[in-house]
1. In nanometres, what is the gap between the two model label sites at residue 135 and residue 99, each 7 Å from Cα along Cα-to-Cβ?
2. By counting other Cβ atoms within 10 Å of each Cβ, how are 103, 79, 38 ranked from fewest to most?
3. I'd like the projected area of region 38-144, averaged over all directions, using the convex hull of its alpha carbons. Report it in nm² with one decimal.
4. Contour minus end-to-end for residue 70 and residue 154, with contour as 0.36 nm per residue of separation and end-to-end as the Cα-Cα distance?
5. If I take R0 = 25 Å and measure r between the Cβ atoms of residue 127 and residue 89 in this structure, what FRET efficiency does the formula 1/(1 + (r/R0)^6) give, to the nearest 0.05?
6. By count of other Cβ within 10 Å, fewest leading, how are 165, 73 ordered?
7. Got a sec? How would 88, 113 order by Cβ neighbour count within 10 Å, fewest to most?
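Where a number appears in this text, it was derived from the coordinates with a stated rule and is not lab data. Just so it is clear, the model here is predicted, and its values are computed rather than measured. Please note: Cβ atoms are built from the backbone with ideal geometry, for glycine as well, and neighbour counts cover all protein chains shown.
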């Protein structure tokens, strides 16, 4: 398994572990997006840049979604598929590497995963999140995703300079 395969597994393991580690499942519906947009998103941000080719973000979304499905975490499965597809579309226009690309792609992934996870998780509880709180969640997740993208680009540029990543 290469560097990219380890990225998929590391992101999934951290996301699943942190998601399952929150004891109250109903509360974790709202905590999962925050938990999943920290360390796992940072790993994915580096992964987007490590793959650095078309289909990379979509592959990350599909593989992570499959791993979540195997763990019976279905609302995260759906969000990963959608977030991967939207990030691939974003990467088509801005690329994968560089500060601008990393920030935008990770913000798109964070926004997609966070907002969808909150709404789908709430629907599992037979509750729809009203528009204003959902917009507030979306803005927060996009901002957090952009910040994580900045950190991911810093880590990736170090990995490229040190020769670990090409």
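1. Reported label-point gap for residue 135 and residue 99 is 3.1 nm.
2. Details: 103 21, 79 29, 38 15.
Result, fewest neighbours first: 38, 103, 79.
3. Values: hull surface 25.6 nm².
Its average projected convex-hull area is 6.4 nm².
4. Numbers: separation 84, 0.36 × 84 = 30.24 nm, distance 3.25 nm.
Result: 27.0 nm gained on full extension.
5. Result of the calculation: an efficiency of 0.25.
6. Working: 165 16, 73 21.
So the residues, fewest neighbours to most, are 165, 73.
7. On the way: 88 22, 113 30.
By the 10 Å Cβ count, ascending: 88, 113.
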